[in-house]
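K.L.:
Please find one structure pasted underneath; my questions will follow.
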Amino acid sequence: MVWTWRYERADGTEPTTSVGQEEFAGQGDAETWIGETWKQLAEDGVDTAVLLEDDRVIYSMSLHEE
């Protein structure tokens with residue numbers, strides 16, 4: 001199983017980011033990584049990060065501070 005993040009803008013399009021695409025061996029590794037990089041992703045125009053296990057959506061989360 002491979003864990004990845006998919007990035008989306010509010011309009012559903014996929015932004016280009018300076019961070020790039022990473023693959024993770026487990027959910028915990030993926031979540032730690034997003035916790036360390038979410039601010040840069042938000043600056044790059046990412047509104048939502050979607051966690052995927054292979055092609056299955058696990059959850060999505062907003063990158064906007066509330």
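K.L.:
I'd like the full set of residues that are assigned to a helix (DSSP H, G or I) and among the small types (Gly, Ala, Ser), limited to region 30-58. Walk me through how you get there before you give the answer.
P.N.:
Going residue by residue through region 30-58, those that are assigned to a helix (DSSP H, G or I) are 30-43.
Hits for region 30-58 are 30, 35, 42.
K.L.:
Let me ask another. Kindly list, by first and then second residue, each pair from a residue in region 38-66 that is on the phi > 0 side of the Ramachandran plot to a residue that is in a loop (DSSP other than H, G, I, E, B) and polar (S, T, N, Q), limited to pairs with Cβ atoms under 8 Å and residues at least 6 apart or on different chains.
P.N.:
Close Cβ pairs (under 8 Å, with a partner that is in a loop (DSSP other than H, G, I, E, B) and polar (S, T, N, Q)) amount to 45/17.
K.L.:
Follow-up question, since we're still on this one. Which one is farthest from residue 40 (Cα to Cα) among residues in region 5-29 that are in contact with a Ser or Thr (Cβ under 6 Å, 6 or more places away or on another chain) and not in a strand (DSSP E or B)?
P.N.:
23
K.L.:
Can you pull out every residue in region 13-66 that is surrounded by 13 or more Cβ atoms within 10 Å (Cβ to Cβ), modelled with pLDDT under 95, of a type in the set (Asp, Glu) and farther than 19 Å from residue 2 by Cα?
P.N.:
Scanning region 13-66 gives a single hit, 44.
The values are calculated or read from the model by the stated rules, or taken from the named source; none is laboratory data. In this text, all values refer to a predicted model and were calculated from it rather than measured experimentally. Note that each Cβ is placed from the backbone with ideal geometry, even for glycine, and that neighbours are counted across all protein chains shown.
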